[in-house]
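Scroll down for the structure; my scribbles are underneath it.
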Amino acid sequence: MKAFVTGIAGFIGAHVAQHLLDAGWEVSGIDDLSGGRIENVPTGAEFRQIDCNDSLDELLQPIAPTAVFHLAAYAAEGLSHHIPVFNYQNNVVATANVLGAACRANVEHFVFTSSIAAYGHPKSGQPFDERTPCHPCDPYGTAKLACEHHIQSVSEYFGGPRYTIFRPHNVFGPQQNIADPYRNVVGIFIRRALDGQPFPVFGDGSQTRSFSYIDSVAACIAAAPTTEQAVNQTFNVGGDQPMSVRELGETLAEVMAIEPAFEFLPPRQEVQHAHASHAKVRSVFPAAFENEIDIRTGLERMVAYVRQHSVPEPTPCPSAIEISDKLPPSWR
Ligand SMILES: NC(=O)c1ccc[n+]([C@@H]2O[C@H](COP(=O)([O-])OP(=O)(O)OC[C@H]3O[C@@H](n4cnc5c(N)ncnc54)[C@H](O)[C@@H]3O)[C@@H](O)[C@H]2O)c1
């Protein structure tokens, strides 16, 4: 079986590609390296540096992949308010382009990483499950939900490809970009600690997330095309251990053997508590959760990885700021 992975030099894409190689797939992929690193592409995978907005027919048709895993995106949720045109071009238009090329190459299965940002802010206080109505509150979540609808309608209209949609949240681990100041709180904290700087926190750090170690997430995504119960389904995927941002900083400081220090910034408009129910994904992909890694162990692994690799230069914002009103001062 042949897999084609977009965003293969990114964090989740690299891990998914490795899972696929381990499972015996032939793997090729593309990435424009705007947020990923070439070193992330696993040995054994074919790589081309291409933008998902470019014409892909000449590349995809000779490969004739069984499955496309479309993971490329710019996933800076808070910043997406300030770069909406770039966000929709890179996330919605690029997805339509990749899916169109996949259809013309007769791909059987299309796997897409959406986000729990598609749900928006919780109304009930309960964890989101897959039946929770989606009311995204930012351009990033809106783009992800639009992509989900587009993939479903293409599959229904053309009778394929089959699809699986994942809504991950707050995934972290080795190979994650720690150099982008606009996203990946774990990466931002580690990078700050390496520079001897305090952890920047919007508000008082009481907002909670279920930080999710990469292994189980990547295992589910890679297994989707070969899992009958995953056909034309949508899954939340991630961890179940709620933790405040402040507690994350304290735990990370312990792991890095430093004193925790915080720089409290004015609060920004964001969801206070974002958690998802994972009953569905756990019942369909039980093997992926057999050796689940808790947050602290995951942080230890990520810090060990970072310490063994060169610290990357800060990643520039891939777009000019389009709307600067309400832009947090620390992002200027
Ligand atoms: N990490 C998370 O917590 C999380 C949570 C929810 C959803 N997701 C989704 O999972 C996917 C992977 O995220 P990630 O955390 O690995 O991010 P990442 O930035 O590490 O990986 C994305 C990759 O896509 C590449 N890319 C971006 N735009 C591109 C384009 N136009 N053409 C080609 N390549 C392009 C980047 O260079 C990068 O290597 C994304 O779709 C993201 O929205 C991630």
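The values are calculated or read from the model by the stated rules, or taken from the named source; none is laboratory data. None of the values given here were measured: they were computed from a predicted structure. Reconstructed Cβ throughout: ideal geometry from the backbone, glycine too, with neighbour counts over all protein chains shown. These area figures cover heavy atoms from the full protein model, side chains too; ligands, DNA and RNA do not enter into them. Shrake-Rupley method; radii C 1.70, N 1.55, O 1.52, S 1.80 Å.
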Give the whole-number value, in cubic angstrom per residue, of the convex hull volume spanned by the C-alpha atoms of the stretch 204-277. 111
Counting Lys and Arg as +1 and Asp and Glu as -1, what is the net charge of the other residues whose Cβ lies under 14 Å from the Cβ of ASP129? +3
Each label sits 7 Å from Cα toward the beta-carbon; between THR43 and ASP195 the label points are separated, in nm, by 3.3
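Report the convex hull volume per residue for the chain, counting only C-alpha atoms, in Å³.
Value for the chain: 124 Å³ per residue.
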Rounded to the nearest 10 degrees, the helix 185-194 long axis (Cα) sits at an angle to the longest Cα principal axis of the chain of 50
Measure nothing but the geometry: give the 0 to 90° angle between the long axis through the Cα atoms of 94-104 and the longest principal axis through the Cα atoms of the chain, rounded to 10°. 20
Can you tell me what percent of all Cα-Cα pairs in the stretch 49-127 are more than 16 Å apart? 58
Which value in nm describes the separation of the simple spin-label points at LEU327 and GLN126, placed 7 Å from the Cα toward the beta carbon? 4.1
Hydrodynamic radius by Kirkwood for the stretch 231-332, inverse mean 1/r across distinct Cα pairs, in Å, is 17.7
Average accessible area per residue (Å²) across the stretch 1-159 - probe 1.4 Å, nucleic acids and ligands excluded: 42
Could you work out the pair-distance distribution P(r) of the stretch 1-139 from its alpha-carbon pairs, with 5 angstrom bin width and percents rounded to whole numbers? 2, 10, 19, 20, 18, 14, 10, 5, 2, 0
Using all alpha carbons of the stretch 111-177, what is the percent of pairwise distances in each 10 Å bin, ordered from the shortest bin to the longest? 20, 44, 29, 7
Roughly how tilted is helix 245-256, in degrees to the nearest 10 and between 0 and 90, from the longest Cα axis of the chain? 90
Hey, with R₀ at 25 Å, roughly what FRET efficiency would HIS149 and VAL311 work out to, going by the Cβ-Cβ distance, to 0.05? 0.05
Euclidean distance of C-alpha centroids, the stretch 178-217 and the stretch 51-85, integer Å: 25
Kindly write out, for the stretch 290-303 in residue order, the coupling ³J(HN,Hα) from the Karplus curve 6.51 cos²θ - 1.76 cosθ + 1.60 (θ = phi - 60°), rounded to whole Hz, with x marking Gly and Pro. 4, 10, 4, 9, 6, 4, 4, 4, x, 5, 4, 5, 5, 5
Cα centroid separation, the stretch 1-33 to the stretch 261-328 (Å): 20
Work out from phi, with θ = phi - 60° and the Karplus expression 6.51 cos²θ - 1.76 cosθ + 1.60, the ³J(HN,Hα) of each residue of the stretch 134-143, listed in order in whole Hz, and give x for Gly and Pro. 9, 9, x, 10, 8, x, 5, x, 5, 4
Ignoring everything except DSSP H segments at least 4 long, calculate the 222 nm mean residue ellipticity for the chain; use -39,500 (n - 2.57) per segment, divide by total residues, nearest 500. -9500 deg cm²/dmol
